[in-house]
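The values are calculated or read from the model by the stated rules, or taken from the named source; none is laboratory data. A quick note: this is a predicted structure, and the numbers were derived from the prediction, not measured. Here Cβ is always computed from backbone atoms with ideal geometry, including for glycine, and neighbour counts include all displayed protein chains.
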Amino acid sequence: MSIVDPNVMELLDHADTRYTLVVEASRRGRELVDGAMPMIDDVKDKKPLRIAIEEIDRGLVTYDRAVAGAENTEA
């Protein structure tokens, strides 16, 4: 698997914008560096960002977008 496989357009099926895609891949990569267990097999000799991208491509990593203007009403 090369750095362009999957390509950005395929990965955008799992995120609404390129920015979101980068943020989520970065966030998951940091989690892996900090000791989180990979959600895929065959991670031998793969860097954390490559693992994060494969997890996103397989739909294993998701995100929630906060609604703009929503206020926390809990006391």
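Summary of computed values
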quantity	calculated
Per-region count, the stretch 1-39, residues assigned to a loop (DSSP other than H, G, I, E, B) and modelled with pLDDT of 95 or more	6
Residue list for the stretch 48-61, restricted to those being assigned to a loop (DSSP other than H, G, I, E, B) and in contact with a helix residue (DSSP H, G or I) (Cβ under 8 Å, 6 or more places away or on another chain)	GLY59, VAL61
Subset of the stretch 27-49 (residues that are under 21 Å from ASP64 (Cβ atoms) and surrounded by 12 or more Cβ atoms within 10 Å (Cβ to Cβ))	ARG27, ARG28, GLY29, ARG30, GLU31, LEU32, ALA36, MET39
